[in-house]
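Read the structure below first, then the notes.
The values are calculated or read from the model by the stated rules, or taken from the named source; none is laboratory data. All values reported here derive from a predicted model rather than from experimental measurement. Cβ placement follows ideal geometry from the backbone for every residue including glycine, while neighbour counts extend to all protein chains displayed. These area figures cover heavy atoms from the full protein model, side chains too; ligands, DNA and RNA do not enter into them. Shrake-Rupley method; radii C 1.70, N 1.55, O 1.52, S 1.80 Å.
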Amino acid sequence: MDRPQSILPDQIAFTHAAFPFTASTTRGIFIGAQRLHWHHALELNYIRSGTGYIVINGMRLSFKQGDLILINSNDLHRAYETDNLVMDVMMFEPSLLAIDLKYDPDLLLPFRALGTRFPHVVNADSPIYDELVLLFSRMMEENRIKGTSFMSLIRSDLIRFLSLANRHLTAPAQKKQRVPVPVRGMHALKEVLRTMELHFAYGWTLRELADLTHLSPSRFSALFQQVVGTSPHHYLIQLRLTHAVHLLETTDHKIIEIAESCGFRNLSNFNRLFKLHIGASPSEVRERAYTGAGGYPGPQLSPPDKQ
């Protein structure tokens, strides 16, 4: 087996290279986004409807309609939908505010101190909540219509959003929220996750994965569950099903060939797990991809605490 490699950051596509900002609305959580991932961009989410939870660096946080969620760059995170989730997702590179940081070095503190001085989830109980939601909505609308000077208007609202958050959401005496994960342990897990992504079809045992981190199986399993929010076995199934969906939608390979290439021992087991986790059969997913119907009951993996 190749030497473990650190899990690579997701690449965020920005329409304008000189304006590293993007915003979109999603329904549910695509199976690929349920894998543990990280990116250099800063992320802001607004929950339009529904409920779910997100695991950030081993800390599980529930969210509901109306909540704002902040995710720092480099944070390992993954999300789950529990009921009819619709959310606005906004991402931007810190370089977007490079000039402003010269005059206000603490402008990005609401991201940099998440989990300690600032909360990951901002709800209606916050005294500044209404204005933050208004600013978020205005940025989404400006990005949608792309009218005259929309980039300047988005930047100005983003600066005000962060400035108000910095002023009103900070809590120096706040009890630390983040579940402590040793730096060494986090680095080891990143390497294992990358290796699992590169070799998802391999029949990994718990012992083999633990050996990659030089931890005992029990310690590795506990650390994995803490950071990823699910067991190594469940996460491996997720990686395999993610690839299977991609092959079903983009190739003409036979379903049995796809099952085998994704590491499933037999077709019946593949069909059972696919239906259980995705909410549709492999043939239904392929049919919808071919007809251009788009969408299917999933893909929505069962939350790990219900496995």
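Things to note:
- In region 192-207, residue most open to solvent (accessible area, probe 1.4 Å) [restricted to those that are of a type outside the set (D, E, K, R), in a helix (DSSP H, G or I) and free of Cβ contacts under 8 Å to residues at least 60 places away in the same chain]: 206
- Any hit, region 41-53, residues being within 21 Å of residue 226 (Cβ to Cβ) and either outside any strand (DSSP E or B) or out of contact with any strand residue (DSSP E or B) (no Cβ under 9 Å at 6 or more places or on another chain) (or both): no
- Taking each residue of region 145-173 that is part of a helix (DSSP H, G or I) and looking for partners that are among the basic types (Lys, Arg) with beta-carbon atoms closer than 7 Å, six or more apart or interchain, yields 157/138.
- Filtered by the rule that a residue be open to solvent by less than 20 Å² (accessible area, probe 1.4 Å) and assigned to a helix (DSSP H, G or I), region 55-106 gives 96, 97.
- Scanning region 62-78 for residues that are under 9 Å from the mean Cα position of the chain (by Cα) and over 19 Å from residue 113 (Cα atoms) yields a single hit, 78.
- Among the residues making up region 213-233, those that are touching a residue at least 60 places away in the same chain (Cβ under 8 Å) and open to solvent by less than 10 Å² (accessible area, probe 1.4 Å) are 227, 228, 230.
- Subset of region 238-268 [free of Cβ contacts under 8 Å to residues at least 60 places away in the same chain and touching a helix residue (DSSP H, G or I) at 6+ places or on another chain (Cβ under 7 Å)]: 244, 247, 248, 249, 253, 255, 256, 258, 259, 264, 267
- Looking only at region 127-144, and only at residues there that are free of Cβ contacts under 8 Å to residues at least 24 places away in the same chain and in contact with a helix residue (DSSP H, G or I) (Cβ under 8 Å, 6 or more places away or on another chain), the one that is surrounded by the fewest Cβ atoms within 10 Å (Cβ to Cβ): 138
- If the condition is being modelled with pLDDT of 80 or more, assigned to a loop (DSSP other than H, G, I, E, B) and open to solvent by less than 50 Å² (accessible area, probe 1.4 Å), then region 15-36 contributes 20, 28.
- Positions within region 40-54 being open to solvent by 10 Å² or more (accessible area, probe 1.4 Å) and either touching a Cys at 6+ places or on another chain (Cβ under 9 Å) or of a type in the set (Ser, Thr, Tyr) (or both), in sequence order: 46, 49, 51
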